[in-house]
Amino acid sequence: MTGQSALVTGGARGIGAAVARALHAAGARVAVNYPSLAGDPAREDALALVDELNQGRPDSARALAADVASAEQVQAMMSELATEWGAIDHLVNNAGIIRDRSIAKMSLDAWKSVLDVNLTGVFHGCKFGLEILNDGGSIVNISSLSAKLGFHGQSNYAAAKAGVSTLSRVLARECAGREIRVNAVAPGVIETSMIASISDRARDELARSIALKRVGQPSEVASAVLFLCSPLASYITGTILEVDGGFLG
Ligand code: NAD
């Protein structure tokens with residue numbers, strides 16, 4: 001991917017940071033997006049990651065603030081990137097949040113905020129990202145196994161992720177004329193801060209449902225994203241690649 005550029009939303013930590021590292025290791029220049037929310041440590045994490053990447057190759061990474069739920073901020077981020085880098089070749093819409101609760105107990109705010117970040121955020125990334133994406137490039141959207149299985153307490157999250165999977169299929173058709181491939185990756189249970197609140201007992205129960213009997217690592221999701229961005233996946237578009245260790249339900 002030498003000579004190519006990529007943008008990873010929510011790239012400060014977890015799966016996004018692993019994706020940024022993988023694309024960078026493959027030779028790409030990488031922009032790491034983080035949310036511009038007051039008090040969020042993501043800014044420091046993003047700047048530290050960018051420093052680390054630039055130490056290996058000077059000027060090969062940069063951090064960009066934008067709350068993906070804000071159309072204005074995403075549009076401004078894309079404009080800034082276009083001014084500095086001209087265009088990008090790969091876009092990974094990774095930013096996401098959870099606010100789990102049963103539907104009976106879920107606040108309207110919890111419903112709306114998860115839909116705003118996880119689904120509308122991907123729409124913003126695709127809509128405004130397409131304006132600066134080179135023809136022949138690729139988009140990978142991070143969905144979730146929850147979109148298919150609908151885990152308890154995740155009506156907001158699962159509905160948003162199901163939307164992400166379907167949006168990706170639609171966009172694959174719409175972008176084919178520009179030879180832009182659009183795919184989604186649906187991770188199972190991955191060891192990041194997103195699952196930090198799951199108890200050891202619940203983890204053991206989850207692991208029993210996984211054929212490989214363990215949760216996944218962010219780097220194992222990043223490998224799938226890297227593959228889908230690469231020329232190795234030149235005939236793959238509109239697919240949902242499950243990276244879940246064989247989740248048996
Ligand atoms: P994480 O909480 O470690 O990372 C989420 C990232 O999104 C962070 O960098 C955060 O700063 C960023 N983010 C949150 N709100 C944002 C906003 N409004 N604008 C910009 N960035 C924002 O969690 P993770 O597990 O690394 O999650 C990454 C993606 O993978 C998410 O879309 C998540 O839904 C998905 N996923 C995770 C798992 C899992 O088990 N960890 C499973 C399936 C899917």
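For the pair Leu232 and Glu205 in one chain, pulling the backbone fully straight at 0.36 nm per residue adds 6.1 nm over the alpha carbon distance. Three principal axis extents describe the C-alpha atoms of segment 76-179; from largest down they are 47, 26, 15 Å. Between Leu149 and Glu179, the modelled label-to-label distance comes to 3.9 nm, taking each label 7 Å out from Cα in the direction of the beta carbon. Evaluating 6.51 cos²θ - 1.76 cosθ + 1.60 at θ = phi - 60° for every residue in segment 142-147, the Karplus couplings come out as 8, 9, 6, 4, 4, 4 Hz, glycine and proline recorded as x. Measuring gaps between exposed loop sites in the chain (GluC sites (Glu not before Pro); DSSP loop; at most 14 other Cβ atoms within 10 Å), the longest gap, sites not included, is 1-130. Among Ala222, Ala207, Ala95, the largest mean-square fluctuation in a Gaussian network model of the chain (Cα springs under 10 Å) belongs to Ala207.
Here Leu23, Leu149, Leu228 are placed in order of increasing Cβ neighbour count within 10 Å, fewest first, which gives Leu149, Leu228, Leu23. If both residues of a DSSP beta bridge must be in the chain, then about 5% of such bridges are antiparallel. Which entries of Lys161/Lys213; Lys112/Lys161; Lys148/Lys213; Lys105/Lys161 have Cα-Cα distances beyond 22 Å here? Pairs exceeding the cut-off: Lys161/Lys213. Equivalent ellipsoid of segment 1-144: semi-axes from √(5λ) of the C-alpha gyration tensor, largest first, are 26, 16, 13 Å. Extension gain for Asn134-Glu72 works out to 20.2 nm (0.36 nm per residue, less the C-alpha to C-alpha distance).
For Val182, nonlocal amide neighbours, meaning residues 5 or more places apart or on other chains whose placed amide H falls under 5 Å from its own, are Ile139, Gly238. Taking 0.36 nm per residue of separation and subtracting the Cα-Cα distance, full extension of the segment from Arg43 to Ala82 would add 11.9 nm.
When the chain is treated as a GNM with alpha-carbon contacts under 10 Å, the residue of Gly150, Gly121, Gly11 showing the greatest mean-square fluctuation is Gly150.
Less than 5 angstrom separates the built amide H of Leu7 from those of Ala31, His90, Leu91, Val92, all sequence-distant by 5 or more or on a different chain. 3J(HN,Hα) along segment 207-218, derived from phi through the Karplus expression 6.51 cos²θ - 1.76 cosθ + 1.60 where θ = phi - 60°, amounts to 4, 5, 8, 9, 4, 7, 6, 7, 6, x, 9, x Hz, with x in place of Gly and Pro.
Of Cys229, Cys126, the sequence from fewest to most neighbouring Cβ atoms within 10 angstrom is Cys126, Cys229.
Considering only alpha-carbon pairs that sit under 8 angstrom and 6 or more positions apart, the relative contact order computed for segment 107-249 is 28 percent. Taken over segment 106-249, the percentage of Cα pairs per 10 Å bin, counting from 0 up to the bin with the maximum distance, is 12, 38, 34, 14, 2. Once every DSSP H run of n ≥ 4 in the chain is given -39500 (n - 2.57) and the sum is divided by its residues, what mean residue ellipticity at 222 nm do you get, rounded to the nearest 500 deg cm²/dmol? Calculated from helices alone, the mean residue ellipticity at 222 nm is -13000 deg cm²/dmol.
Summarised in one figure, the compactness ratio Rg/Rh of the chain, Cα atoms and Kirkwood Rh, is 0.95.
Every read-out reported here was derived from the displayed coordinates using simple, explicitly stated rules and does not represent laboratory data. Remember, predicted model here, so these are calculated numbers, not experimental data. Note that we place each Cβ from the backbone using ideal geometry, even for glycine, and neighbour counts take in every protein chain shown.
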